Structures are given as C-alpha cells and as structure tokens.
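*Asks:* Quick one: the structure is below, and I'll ask about it shortly.
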Amino acid sequence: MLSAIRTAVRSVGHEDELSLVGHLDELRTRLIVSLLVIGVAFGFCFWQNNRLLQIIDRPLAHQTQAQVRAGHGPLGATYTVAQSARDVAVQLRSVVGVLDDPAQHQSPAARATLDRVARSLERDVGKLSVPPEGDKPVTLGIGEPFTTTVTVSLVFALILALPFVLYEAYAFLTPALRPHERRHIRPLVVSIPFLFVAGVLFGYFVVLPAAVHFFQNFNSDQFNVLVQANQYYKFAATTLLAMGLLFQVPVGIVAITRAGLVTPQRLRKNRRYAVVACGAVAAFLPGDVITLLLETVPLYLLFELGVLFASFGHRNFTPA
C-alpha cells in the first residue's frame, strides 16, 4: 500500500522508459488511489450529510415557502387554513381579555376559567404563528431518503476529490510531454478544479435558484406542486455539474489552440459568434431576462479569458 501511495504522488519523468505492463501497472495504481480518496471524501460527506442536504435544499426552500405563503398547492392550502385559525384564535383572545377585565366584576370561578382559556389561546396562537413548512422535498419510496442521501454525498465527494483525481491524470499523462511543454500545461491543469468550483458556485447562487423559481411558478395554479426529493437532487446535481463543465471553456480554448485546430487570432475575429453562442446557452437555461444576462456575461468573459490564456502560451507550446 505504501508503494502504491508513493507511486500515486510522484510523476514518471519524460526520460524514464516503461514497458506496456509498467504503464498499465502505474494506471492501475493511480486508479486505486483515486478511488480510495473518493471513498474517504464520500465517508466525510456522508457523515456531514445533514449539512449538505440543508445547503442543496436552500434554493428550493426559499421558493417553496413563497409558494406556500401564496396558498399554492396542498401545503399552501394547509398554511392558509392555519392562518385563518390563527386569526380566529387572536380574536378570541381579545374577547377573553375584555371579559377578564376587572371592570366586568366576574366571579372567581369565571375568572379562573377565563385565565385558563387565555393561556390556552396564547399557546395556540404561538403554534399557529410558525413560518410555513414545506421547505424540504418529499419522498415517496421507503428507501428514497437513504438513496438520495447517498447520491448527494457522492456528488459532493466527487467535487472534493476532483483536485487529487486531476493530479493523478496529469501525473500519468505528462511523461509523454517534453519539460518545456509540461511547464506550459501545468497552469492549465491547476486551473481546472478552480474553474469547476467557480462554475458550481455560479450554478448554486444564480442558475439553480432561477431554475427552481421558473419551474415552481410555471402554471402553478393548475397543479398541486410537491417536489420529490429524488427528482430535485438529480436536477440540482445535473445543473451544478453542467455549470462546472461550462466553466471549463478557457481550458477547452487553450487545448484546441495548442492542438493547432484554431488560432487565438481567428477566435478574436469571430467574437460575435461567441456572443451568440453564449446567449444561446444562457437562453437554454431556465430563467427570466435578468437571469439571461447574468448567465451570458460570465460565459462570454470565460471565452475572453480562454483567448487571453491561449495567446500567452501559443508561441511557446509545440505539440508532442
């Protein structure tokens, strides 16, 4: 095991010669160590699954509570009834307060009864004044809470383990590169996890809330909307992972320019097509006009960032 770990944390040099079996053995070792790291990350995420579920539920909770306050769906109807009962309880409390006034000269027995009723009404008003529920997705199957928890934990584990897995892939592939090529490709590989995390954060704070708002409000007066946990977490994971991949645009641009498929100068001349492409991608994502602009601008900036990076390294990189 120690030899496998040592192999996983070092990179074979360009001048080293390995047989086909040696390459396959190195690949197997790096895959095993990567799976072990993912397993450790999964164990940590499963241990903290309550916090992770609260984080991923937050965009849904905000929109669902707005739906409940508006009286939409079965939860909204229940909340509306609860608010009506609270109003009745408040009015009865006011009536009891008037009857319990010393000026009414109530008998001791009547006063004791009124005090008891007042305390009961006070407790009922407090219970009925809680914020609307329904901020969590519902489960329909007996094993769904477990399977969805495992799914969410696995998604976060992959995100946490991504830098190490990328390093293992980089260490396995770099022996085919010359030293000067390795120096130029290293910043590219290092930027991948940072761009991925930036894309996930952008998806969480901008895209996912807009998508949930759009879908939750679409024809909501025609349906009793209850969000199933399994479907919501799949949708959220797909959205976040898609944004993480979209934020790899600079890496993709640098890769295709260094492969000689296109030049940075040609990309600059076709900026207008990049703007249209970014707008089309943003339009494909659910949301309103403001969300469309919030999504288009970062995507275009990523394109410009990729062209800039490609220009810096274009003259110094020679494909192997």
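Please treat every number below as a calculation from the coordinates, not as lab data. What you are looking at is a predicted structure, and each value in this text was computed from that prediction instead of being measured. FYI the Cβ positions are ideal-geometry reconstructions off the backbone, even for glycines, and counts take in every protein chain you see.
*Asks:* Net charge near ARG123, counting Lys/Arg +1 and Asp/Glu -1 over other residues with Cβ under 14 Å of its Cβ?
*Replies:* Values: positive: ARG86, ARG93, ARG116, ARG119, LYS127; negative: ASP115, GLU122, ASP124.
Net local charge, ARG123 excluded: +2.
*Asks:* A further question follows. For segment 234-246, in order, what is each residue's ³J(HN,Hα) by Karplus, 6.51 cos²θ - 1.76 cosθ + 1.60 with θ = phi - 60°, in whole Hz (x at glycine and Pro)?
*Replies:* 5, 5, 5, 5, 4, 5, 5, 5, 5, 5, x, 6, 4
*Asks:* Quick one: which residues, 5 or more positions from GLN228 or on another chain, have an amide H under 5 Å from its amide H? H modelled 1.01 Å from N in the peptide plane, none for Pro or chain starts.
*Replies:* VAL138
*Asks:* Tally Lys and Arg at +1 and Asp and Glu at -1 over the other residues with C-beta under 12 Å from the C-beta of GLY279: what net charge comes out? Working shown, then result.
*Replies:* Details: positive: ARG272; negative: GLU295.
Taking every other residue near GLY279 into account, the sum is 0.
*Asks:* Count the net charge of all other residues whose Cβ sits under 13 Å from the Cβ of THR148, scoring Lys and Arg as +1 and Asp and Glu as -1. List each step's numbers first, then the result.
*Replies:* Numbers: positive: LYS136, LYS234; negative: ASP57, GLU144.
Computed value for this residue: 0.
*Asks:* Would you calculate the separation in nanometres between label points at GLU144 and LEU261, each defined as 7 Å from the Cα along the Cα-to-beta-carbon direction?
*Replies:* Here the answer is 4.1 nm between the modelled labels.
*Asks:* Here's a follow-up. Which of the peptides 254-264, 302-312, 107-117 is most tightly packed, and how do the rest follow, judged by the mean count of other Cβ atoms within 10 Å per residue? Mind showing how you got there, number by number?
*Replies:* Values: 254-264: 15.9, 302-312: 18.5, 107-117: 12.3.
My ranking of the peptides, most packed first, is 302-312, 254-264, 107-117.
*Asks:* If I model a spin label at LEU154 and PHE284 as a point 7 Å from the Cα along the Cα→Cβ vector, what separation in nanometres do I get?
*Replies:* Simple spin-label model gives 2.5 nm for this pair.
*Asks:* Of the listed peptides 32-44, 201-213, what is their order by residue-averaged count of other C-beta atoms within 10 Å, with the highest listed first?
*Replies:* Numbers: 32-44: 16.2, 201-213: 19.5.
Put in order of decreasing packing, that is 201-213, 32-44.
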